[in-house]
C-alpha cells in the first residue's frame, strides 16, 4: 500500500512541478526550478518534524518521498548549471548553484527549526 501511495503522490508532485515550470520560459525557467527546490526543501524540513500523531508514517513517506521527491528536481538544476557553463556563462552557472544550495539549505532549516518550534 505504501508503494502505491508513494507512486500516486510522486505523480502529483511531478504534475505540480510541470505546471509551475511550464508557466516560465527562457531565462526564467532556471529560477523557477530554484524556487521549486527551495519550497520543496522547506516543506520536507517541516514534514520531518511534524508529530507522528498528525501524520501517519505511510502518509509521511508518500508526501516526503513521493510528492516532494517528484516535485523537486536535482537533475534539472544540475543540467542547467552545466548548460550555462558550456554556453560560456560561468557567472550565471555559479549564481544558480550558489542560490540553489544556500537557499535550499536555508529553507530546509527554516522548515525544520520553525516546525520544531511550532510543534513542540
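The values are calculated or read from the model by the stated rules, or taken from the named source; none is laboratory data. Not measured: the values here are computed from a predicted model. With ideal geometry, Cβ positions are generated from the backbone for all residues, glycine too; neighbour counts draw on all protein chains shown.
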I need every pair where a residue in the range 65-89 that is under 20 Å from residue 11 (Cα atoms) has its Cβ under 6 Å from the Cβ of a residue that is assigned to a loop (DSSP other than H, G, I, E, B), sequence separation at least 6 or different chains.
none
Restricting attention to the range 1-23, the residues that are in contact with a helix residue (DSSP H, G or I) (Cβ under 8 Å, 6 or more places away or on another chain), exposed (fewer than 13 other Cβ atoms within 10 Å of the Cβ) and closer than 12 Å to residue 33 by Cα number exactly 1
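Residue-by-condition table, conditions (1) touching a strand residue (DSSP E or B) at 6+ places or on another chain (Cβ under 6 Å); (2) under 27 Å from residue 120 (Cα atoms); (3) part of a loop (DSSP other than H, G, I, E, B); (4) without any contact (Cβ under 8 Å) to a residue 60 or more places away in the chain:
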| residue | (1), (2), (3), (4) |
| --- | --- |
| 12 | no, no, no, yes |
| 18 | no, no, no, yes |
| 24 | no, no, yes, yes |
| 34 | no, no, no, no |
| 62 | no, yes, no, no |
Would you point out which residue out of 63, 52, 47, 83 is surrounded by fewer than 16 Cβ atoms within 10 Å (Cβ to Cβ) and under 23 Å from residue 119 (Cβ atoms)?
52
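Yes/no matrix, rows are residues, columns are (1) in a helix (DSSP H, G or I); (2) out of contact with any helix residue (DSSP H, G or I) (no Cβ under 6 Å at 6 or more places or on another chain); (3) modelled with pLDDT under 95:
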position: 40; (1), (2), (3): yes, no, no
position: 46; (1), (2), (3): yes, no, no
position: 65; (1), (2), (3): yes, no, no
position: 75; (1), (2), (3): yes, yes, yes
position: 80; (1), (2), (3): yes, no, yes
position: 93; (1), (2), (3): yes, no, no
position: 98; (1), (2), (3): yes, yes, no
position: 104; (1), (2), (3): yes, no, no
position: 113; (1), (2), (3): yes, yes, no
